[in-house]
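Accompanying notes for the structure given below.
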């Protein structure tokens, strides 16, 4: 059956998150029973230093759902745990430990997160073995390879990269014939993006004239950017996270590179995007694919409700967290049970979803079939440029 969920405006509600508190040691449970639990516990794996809008978006959805009576007549409770701590980036091993703890000790019905694809790829086999649905904020197609308990909620990297390559080569848009790529190493996310962009760009008749890499937190990229400058590419596809993308663009402009920078949804964290550099001019004129834009007509109610609670505009990760929680609630209600296999099956059959974003349906790989947003940076702001239907 077609399933639709509509946002409702709410008054200011104080949301109490459990943060990254240590969970209590209890016995390893069987699958949760609808009749024996008083609340429905959902685990959230959230890095403390990246894309915290994911948990905030999920918290907004949880609040609205609980305000409507919860799921199966029970309130939703979050157990939020940090997989980053003092580390530079979120840790895959810690993500695995947290996932096991959430399932075996806290008896969660499902897990939202992690966000980084490297982490989600390691968590996938755990939730598959322990049979709990997981909806991460990740985008690498390989995340769902672990099995049928793993679902994406944002456009996959292969889709995002193909959309951007087609946009870049379109004569009515950028009309690029040459491209350079530069990506962060040791990342399933950036690797899959770059491979897909290069393949589609060549398919569209373009030429990849340079392919460079950098390590996260590199302070100078003189060698890589000098090689890119020498080939005079029309566009540069930059696959990385904030603040590294700022360093690349700032150093590129300093040495006279004029190519248009292209990016992806990891750029969509406005509060960091425009505060990392003293002068954000190097970002001007760039384009990036995203899961969401506050300017989308269907998003107005979500945007208003999010602003009420958090006093900030939502970004792509906020929309992803909201949709992940909303989709999970729909699946539980449709299944009329907390049985993990039934919830998994119900998730895979959701169609015509309307929330922070729109999802037509899930494909055979449990990737959402949905539009891709192309945003641009103009006058120090992220602006919606266009919406592209799935290729």
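Structure above, values below:
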| read-out | value |
| --- | --- |
| Close pairs from region 309-322: first at pLDDT below 95, partner assigned to a loop (DSSP other than H, G, I, E, B), Cβ under 8 Å, at least 6 apart | 313/294 |
| Subset tally (residues that are in contact with a helix residue (DSSP H, G or I) (Cβ under 7 Å, 6 or more places away or on another chain) and over 11 Å from residue 166 (Cα atoms)) for region 197-210 | 3 |
| Helices (runs of 4 or more DSSP H) wholly inside region 46-137 containing at least 3 residues that are in contact (Cβ under 8 Å) with a residue 60 or more places away in the chain and either more than 21 Å from residue 329 (Cα to Cα) or not assigned by TED's automatic domain parsing to the domain that holds residue 333 (or both) | 117-130 |
| Residue list for region 358-379, restricted to those being modelled with pLDDT of 95 or more and outside any strand (DSSP E or B) | 360, 363, 364, 365, 366, 367, 370, 371 |
| Members of region 310-327 that are part of a helix (DSSP H, G or I) and within 16 Å of the chain's Cα centre (by Cα) | 316, 317, 318, 319, 320, 321, 322, 323, 324, 325, 326, 327 |
| Candidate set: region 200-240, residues that are crowded, with 19+ Cβ neighbours inside 10 Å and out of contact with any strand residue (DSSP E or B) (no Cβ under 7 Å at 6 or more places or on another chain); chosen: the one nearest to residue 170 (Cα to Cα) | 200 |
| Qualifying residue in region 287-299 (condition: surrounded by fewer than 15 Cβ atoms within 10 Å (Cβ to Cβ) and either free of Cβ contacts under 8 Å to residues at least 60 places away in the same chain or assigned to a helix (DSSP H, G or I) (or both)) | yes |
| Test: residue in region 380-391 that is under 30 Å from residue 67 (Cα atoms), modelled with pLDDT of 95 or more and not in a helix (DSSP H, G or I) | no |
| Single match in 110, 162, 145, 99 (criterion: surrounded by fewer than 21 Cβ atoms within 10 Å (Cβ to Cβ), within 19 Å of the chain's Cα centre (by Cα) and either modelled with pLDDT of 95 or more or closer than 19 Å to residue 62 by Cα (or both)) | 145 |
| Residue satisfying all of: in region 350-377; touching a residue at least 12 places away in the same chain (Cβ under 8 Å) and out of contact with any strand residue (DSSP E or B) (no Cβ under 8 Å at 6 or more places or on another chain); surrounded by the most Cβ atoms within 10 Å (Cβ to Cβ) among these | 356 |
| Residue list for region 310-330, filter: more than 18 Å from residue 50 (Cα to Cα) and surrounded by fewer than 18 Cβ atoms within 10 Å (Cβ to Cβ) | 311 |
| Which numbered condition residue 377 fails, given (1) more than 23 Å from residue 162 (Cβ to Cβ); (2) in the same structural domain as residue 284 (by TED's automatic domain parsing) | (1) |
| Output for region 48-71, where each listed residue is under 20 Å from residue 132 (Cβ atoms) and within 13 Å of the chain's Cα centre (by Cα) | 54, 55, 58 |
| Where residue 241 falls short, out of the listed (1) modelled with pLDDT of 95 or more; (2) under 22 Å from residue 162 (Cα atoms) | (1) |
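The values are calculated or read from the model by the stated rules, or taken from the named source; none is laboratory data. Note that the structure is a prediction, hence the values are computed from the model and not measured. FYI the Cβ positions are ideal-geometry reconstructions off the backbone, even for glycines, and counts take in every protein chain you see.
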